[in-house]
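Engineer: Sharing a structure here in structure tokens format.
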Amino acid sequence: MITFVKRPEPSKAWTIATPILAVILTMILGGLLFAAMGKDPVAAIRTIFWDPLFNEQFAAYSRPQLLVKAGPLILIAIGLSLGFKAGIWNIGAEGQYIIGAITGASVGLALYPLDAWWIFPLMVIAGALGGFLWAMIPALLKTKFNTNEILVSLMLVYVAEQILASAALGFLRNPEGNGFPGSRNLSQIPAMSNPELITGTGAHWGVVAAFASVVAAYVLINKHMLGFQIRLTGESPRAARFAGVKDKLLVVFCLGAAGALAGLAGLFEVTGPAGQISIDFGAGYGFTAIIVAFLGRLNPIGILLAGLLLALTFIGGELAQFMLGLPSAAIQVFQGMLLMILLAMDILVNYRVMILKKEAS
Amino acid sequence: MTELLKVVGLTREYPGVRANDDVSFSIGTGEVHALLGENGAGKSTLVKMIYGLEKPDAGFMKLRGGSYAPQNPQAARAAGVAMVFQHFSLFEALNVAENVALGMENPPKMRELAASIREVSENYGLPLDPDRIVGDLSAGERQRVEIIRCLLQDPKLLIMDEPTSVLTPQEVEILFKTLRKLQSEGTSILYISHKLEEIRALCDGATILRLGKVVGDCDPKVTTARAMAEMMVGQTLHVPSREGGETGEVLLEVKGLDFAPANPFGTKLKNVSLTLRAGEVLGIGGVAGNGQDELLSVLSGEARTGKGAVMFDGQDVSHLGPNARRKIGILAAPEERLGHAAAPNMSLTENAALTATIRKKLSKNNFLNWKKTEDFAREVIKTFDVRTPGPGSAARSLSGGNLQKFVIGREVLQEPKILVVNQPTWGVDASAAADIRQALLDLAARGAGLVVISQDLDELMEISDHFAALNEGTLTAPRPAKGLTVDEIGLMMGGAHDMEVAEL
């Protein structure tokens, strides 16, 4: 009989080992899935994890994509991780991301065709503020009326998507776009564009912000009183109140920070890789970032690595669709498996597996 | 006296610990036999084996001369062994008779059952109405339900696990009368407790366990409580002593405080008033659940109260939160160690930061100085003899007693002006408890005012200058602790429920 015995304290070694094991296990089970679909599992796994970085034919295109995709994932996941650590479940980063893009783009386009150095920084601020304010809706509803932030933040994603459609078709539509939906292409307006900073790397300002947020979150969580209070609240809310944590303020901070970072990610995306506000601007970064946050164990460094890994599966997944004809649903199943397996293996951090001889009864 | 139960060489091992090691003892028919030992000495494991909840790895038992190896509690009950647990297993929404019926294999008709409950309760002086809803009963009355449930089976051996921990002194007297009556009818009782005076008053024989082994037998009627305690602990017991005792200025004043907790199952505090002087220890007794948690929370600042309700040094502090109160010297140590006083999965260093950042200046510009925090955690560990590999260990890896020493030490070493503690030695072994009490008394001797909330009356009598009791959210007027009799304390605690009926 196999039983789990609680460890006296969480195992440090397993904390590091479980994500790696989860990835390996996902590769094996994913391989079985692909094999069942009649594809060569080894080729499929290699196409997803290896070819985007090292295949001579594709790497030149796909390698910069790694940072382009990982940047917003990391930026959003860092924000989410603060709340998740405190037990505040913001599921609506996708909405905050969309609203950040819209507010930032709106500020820029309102000034069009003015050309000044301060326009882009102003748009950055507007983007962050948009995401922040959108996140304040669940935050204030929670602190004032004790509503569930999971539901409210999630529902607001669908509201944000409607606003996005209305922006793309209405108030932000390019007047010179011959009636096509979508705003002006911000990435082609010098005062508003978020260019690739170093050619061939894919790094734009959003990637810089992502790395900066990793460092800032690391310092906040490990050195600052606020980070300690966040961890304490997640560990034990009653002990946190005893330690003088103002729990409502913490809800506002965690949701606000996540919203602002998601808004920033949206702004950098709309001014850079996406280029314009369009109906399909929301590409699911806000949801995938939840996976990134957990895959990285809510640890800033872990999130950095997890963001890169998830971005890799995105790019590799697209490559596998294109090269091997794998359906996109199979790639999504694969990514879902990664999260499920990681969460399931979490038990090894706090429990030891023991095999007991069955007692004679 | 003929032998009822004989236990020979019982051994039970759990992963990493031998809970019972070659335990042997016997109980005579009609004997009240005490099982004594500190927390973790193996008392629970032993009675679980007798009651069929656990199986021994080695050794055997004999009941009335025949072999006895119960596979489960049903088998134990069929053999005439019944047990009253420390924690009740009753459904609050059902009435007494229904609860009793749920515990029976073949319950009779409700009306017959109610009649037999009435009969047993009258016979044994345990007043109980079978139609009352259990949710409305006091802890003492709930215990009666459990006892009557056992008595209906007409047991030969009744096991009682810490039965008096939830009772007022008067209720204890009623219980003892019942037990003596049972004894006179030839029922044997295995009585588990660590309250030595009770055992001296009630029991005919005692077996003392330490670390899973029998370390001695004694006749409690002729052995002193101190001698028994020393057998339990295995060392000479240090009795806390008090120096000075002069009390000074009024430090804390609570006037007519009313407080309704946010938790709907909490107890409302009604018109609570108290004064605390420098150097004074105010002991607050009472049965659990009468407002102890709430009183601590309004003093610690976790709960805010109306203006002017809590005055410190002549200033209104009612509106201040926990950290603002820490800053001026009001510290607290709640009862619940894991999840309130300490965060289970965090290290001792992090738990030191939980309350000590302000007074020990462990942070600068809101950045924590972990080095300094760890030093403080080490200081607590060293000064209070906390047994742990080091300050990096998670709080939950410590035993209850060691974590309690850490929690109390963390507050005491911050040199508070006022310290409020709830159950400072609950679940702590006798020698550690003595150390904690001594630390509290030393703190008072240095001029701090202490509010000690506890359910252990011996403890309160030992360290308090004044004594007050909480009863359903009201606090009695404090009285000097010296010279208070057990009867007076019992009356302050609200007396026994249905006292008159009990006097048959």
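The values are calculated or read from the model by the stated rules, or taken from the named source; none is laboratory data. Everything quoted here is computed from the prediction, not taken from an experiment. Here the Cβ positions follow ideal geometry from the backbone for every residue, glycine too, while neighbour counts run over all protein chains shown. Keep in mind that these areas ignore ligands, DNA and RNA; they rest on the heavy atoms of the full protein, side chains included. Shrake-Rupley method; radii C 1.70, N 1.55, O 1.52, S 1.80 Å.
Engineer: Looking only at the stretch A:322-340, how many residues end up being assigned to a helix (DSSP H, G or I), open to solvent by less than 70 Å² (accessible area, probe 1.4 Å) and under 21 Å from A:Gly284 (Cα atoms)?
Structural biologist: 10
Engineer: A:Phe294 - would you say it is in contact with a helix residue (DSSP H, G or I) (Cβ under 7 Å, 6 or more places away or on another chain), open to solvent by 10 Å² or more (accessible area, probe 1.4 Å), closer than 21 Å to A:Gly206 by Cβ and touching a residue at least 24 places away in the same chain (Cβ under 8 Å)?
Structural biologist: Against the criterion (in contact with a helix residue (DSSP H, G or I) (Cβ under 7 Å, 6 or more places away or on another chain), open to solvent by 10 Å² or more (accessible area, probe 1.4 Å), closer than 21 Å to A:Gly206 by Cβ and touching a residue at least 24 places away in the same chain (Cβ under 8 Å)), A:Phe294 does not qualify.
Engineer: Considering only the stretch B:352-381, how many residues are closer than 21 Å to A:Glu9 by Cβ and among the basic types (Lys, Arg)?
Structural biologist: The number of residues fulfilling the criteria is 1.
Engineer: Would you please name the residue that is surrounded by the most Cβ atoms within 10 Å (Cβ to Cβ), looking only at residues in the stretch A:75-88 that are farther than 22 Å from A:Gly127 by Cα and of a type outside the set (Gly, Ala, Ser)?
Structural biologist: Among them, the one singled out is A:Ile88.
Engineer: Okay, moving on. All but one of (1) within 17 Å of B:Leu53 (Cα to Cα); (2) modelled with pLDDT of 90 or more hold for B:Ser116; which doesn't?
Structural biologist: (1)
Engineer: I need the full set of residues from the stretch B:263-274 which are open to solvent by 60 Å² or more (accessible area, probe 1.4 Å) and touching a residue at least 40 places away in the same chain (Cβ under 8 Å), in order please.
Structural biologist: Hits for the stretch B:263-274 are B:Lys268, B:Lys270, B:Asn271.
Engineer: With respect to the numbered conditions (1) crowded, with 24+ Cβ neighbours inside 10 Å; (2) away from chain B (no Cβ under 14 Å); (3) free of Cβ contacts under 8 Å to residues at least 24 places away in the same chain, which one is the sole condition not fulfilled by A:Glu269?
Structural biologist: Here A:Glu269 clears every test but (3).
Engineer: Would you pick out the residues in the stretch B:467-486 that are assigned to a strand (DSSP E or B) and either out of contact with any strand residue (DSSP E or B) (no Cβ under 9 Å at 6 or more places or on another chain) or open to solvent by 50 Å² or more (accessible area, probe 1.4 Å) (or both)?
Structural biologist: Across the stretch B:467-486, the qualifying residues are B:Asn471, B:Thr474, B:Arg479, B:Pro480.
Engineer: Just checking, does the stretch B:433-452 include any residue being within 14 Å of chain A (Cβ to nearest Cβ), touching a Gly at 6+ places or on another chain (Cβ under 7 Å), open to solvent by 10 Å² or more (accessible area, probe 1.4 Å) and not aromatic (Phe, Trp, Tyr)?
Structural biologist: No, there is no match, as no residue in the stretch B:433-452 is within 14 Å of chain A (Cβ to nearest Cβ), touching a Gly at 6+ places or on another chain (Cβ under 7 Å), open to solvent by 10 Å² or more (accessible area, probe 1.4 Å) and not aromatic (Phe, Trp, Tyr).
Engineer: Would you check if there is a residue in the stretch B:33-50 being at pLDDT 90 or above and in contact with a Cys (Cβ under 9 Å, 6 or more places away or on another chain)?
Structural biologist: Yes; the residues of the stretch B:33-50 include at least one that is at pLDDT 90 or above and in contact with a Cys (Cβ under 9 Å, 6 or more places away or on another chain).
Residues checked against (1) hydrophobic (A, V, I, L, M, F, W, C); (2) assigned by TED's automatic domain parsing to the domain that holds B:Gly30; (3) modelled with pLDDT under 85; (4) within 24 Å of B:Leu36 (Cα to Cα):
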site: B:Glu122; (1), (2), (3), (4): no, yes, no, no
site: B:Ile133; (1), (2), (3), (4): yes, yes, no, no
site: B:Asp136; (1), (2), (3), (4): no, yes, yes, no
site: B:Ile148; (1), (2), (3), (4): yes, yes, no, no
site: B:Val166; (1), (2), (3), (4): yes, yes, yes, yes
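Engineer: Within the stretch A:192-204, track down each residue that is open to solvent by less than 10 Å² (accessible area, probe 1.4 Å) and either outside the structural domain of A:Leu114 (by TED's automatic domain parsing) or more than 23 Å from the chain's Cα centre (by Cα) (or both).
Structural biologist: If the condition is that a residue be open to solvent by less than 10 Å² (accessible area, probe 1.4 Å) and either outside the structural domain of A:Leu114 (by TED's automatic domain parsing) or more than 23 Å from the chain's Cα centre (by Cα) (or both), then A:Met192 is the only one that fits.
Engineer: Let me ask another. Identify, from the list B:Gly285, B:Gly279, the residue that is assigned by TED's automatic domain parsing to the domain that holds B:Arg437, open to solvent by less than 10 Å² (accessible area, probe 1.4 Å) and modelled with pLDDT under 90.
Structural biologist: Going through B:Gly285, B:Gly279 in turn, just one is assigned by TED's automatic domain parsing to the domain that holds B:Arg437, open to solvent by less than 10 Å² (accessible area, probe 1.4 Å) and modelled with pLDDT under 90: B:Gly285.
Engineer: Quickly run through the stretch B:186-214 and pick out the residues that are free of Cβ contacts under 8 Å to residues at least 40 places away in the same chain and either under 26 Å from B:Val120 (Cβ atoms) or open to solvent by less than 60 Å² (accessible area, probe 1.4 Å) (or both).
Structural biologist: B:Glu198, B:Ala201, listed by residue number.
Engineer: Taking the stretch B:59-93 as the region of interest, how many residues are closer than 16 Å to B:Asp154 by Cβ, assigned to a loop (DSSP other than H, G, I, E, B) and among the aliphatic types (A, V, I, L, M)?
Structural biologist: Total meeting the criteria: 1.
Engineer: Oh, and also: Are there any pairs, at least 6 apart or on different chains, whose C-beta atoms fall under 6 Å, with the first in the stretch A:1-26 and farther than 19 Å from A:Leu343 by Cβ and within 14 Å of another protein chain (Cβ to nearest Cβ) and the second among the small types (Gly, Ala, Ser) and surrounded by 14 or more Cβ atoms within 10 Å (Cβ to Cβ), and if so, which?
Structural biologist: Close Cβ pairs satisfying both conditions: A:Pro8/B:Ser397; A:Glu9/B:Ala394; A:Glu9/B:Ser397.
Engineer: Continuing with this model, one more query. Given the structure, is A:Ala168 at pLDDT 90 or above and away from every other protein chain (no Cβ under 14 Å)?
Structural biologist: Judged against the criteria, A:Ala168 is a match.
Engineer: Kindly state which helices (runs of 4 or more DSSP H) lie completely within the stretch B:309-413 and contain at least 1 residues that are facing chain A (nearest Cβ under 10 Å).
Structural biologist: Of the helices (runs of 4 or more DSSP H) lying wholly inside the stretch B:309-413, those with at least 1 residues that are facing chain A (nearest Cβ under 10 Å) span B:322-328, B:348-356, B:370-383.
Engineer: Could you check B:Gly339 against (1) touching a strand residue (DSSP E or B) at 6+ places or on another chain (Cβ under 9 Å); (2) open to solvent by 10 Å² or more (accessible area, probe 1.4 Å) and say which number it fails?
Structural biologist: Unmet condition: (1).
Engineer: Moving on. Might you check whether a residue that is outside any helix (DSSP H, G or I), away from chain A (no Cβ under 14 Å) and at negative phi occurs anywhere in the stretch B:291-302?
Structural biologist: Looking for residues that are outside any helix (DSSP H, G or I), away from chain A (no Cβ under 14 Å) and at negative phi, one finds none in the stretch B:291-302, hence no.
Engineer: Quick check on the stretch B:218-233: of everything there that is out of contact with any Leu (no Cβ under 9 Å at 6 or more places or on another chain) and in a helix (DSSP H, G or I), which residue is modelled with the highest pLDDT?
Structural biologist: B:Ala227
Engineer: Looking at the stretch A:231-248, which of its residues are free of Cβ contacts under 8 Å to residues at least 24 places away in the same chain, more than 18 Å from B:Arg359 (Cα to Cα) and more than 7 Å from chain B (Cβ to nearest Cβ)?
Structural biologist: A:Lys246, A:Asp247
Engineer: If you don't mind, another one. May I ask you to list pairs of residues, at least six apart or on different chains, whose Cβ atoms are under 9 Å apart, with the first in the stretch B:302-314 being buried (at least 20 other Cβ atoms within 10 Å of the Cβ) and the second being among the hydroxyl-bearing types (Ser, Thr, Tyr) and modelled with pLDDT of 90 or more?
Structural biologist: Hits for this filter: B:Ala303/B:Ser297; B:Thr305/B:Ser318; B:Ala309/B:Ser318; B:Val310/B:Ser318.
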